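Enquirer: Here you go, one structure.
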Amino acid sequence: MSFEKRLKTQSPLEIRFLEDCLTVGIVLVPQYAIGHIHADFAIPDMKLAIEVDSTQWHSSEQAKMNDARRDKIYDKYGWYVLRVTGKEIMKSGEKIAEELREIIAELKENGVTDIHKLSHK
């Protein structure tokens, strides 16, 4: 993993997920700007944003409202957001990454390049 990508991550959990994805061949862009917010990770050519949600920062009512506002911003700019919890990453991050790789490969094989459009059919 490049030192630059590691520096852009916001937490050890994000580093762990980034490494899991790289292990299976998924290249993520950390802290990708979408509108006036930054996604934890993005796959820009698929318009897929990935948020790594730890219980520490995403379990309060205020945090849930903030996440909902962020989801509206993603939707406004035509992005699909995938939320992965810290618990999921710690338990089976590489498995999640492998499943994500398979889904992306299948979508691309079928000519889908924008997950957001697919999710709104």
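Enquirer: Residue-wise, which Karplus ³J(HN,Hα) couplings in Hz belong to the stretch 36-46, taking 6.51 cos²θ - 1.76 cosθ + 1.60, θ = phi - 60°, and x for glycine or proline?
Expert: 9, 10, 10, 6, 3, 9, 8, 10, x, 5, 9
Enquirer: List every residue whose amide H lies under 5 Å from the amide H of Asp53, counting only residues 5 or more places away in sequence or on a different chain, with H placed 1.01 Å from N in the peptide plane.
Expert: Those qualifying (amide H under 5 Å, at least 5 residues apart or on another chain) are Val84, Thr85, Gly86.
Enquirer: Given Lys76/Lys108; Lys47/Lys108; Lys47/Lys76, which pairs have Cα atoms separated by over 20 Å?
Expert: Lys76/Lys108
FYI, it's all coordinate maths here, none of it is from the lab. Here the structure is a predicted model, which means the values were calculated and not measured.
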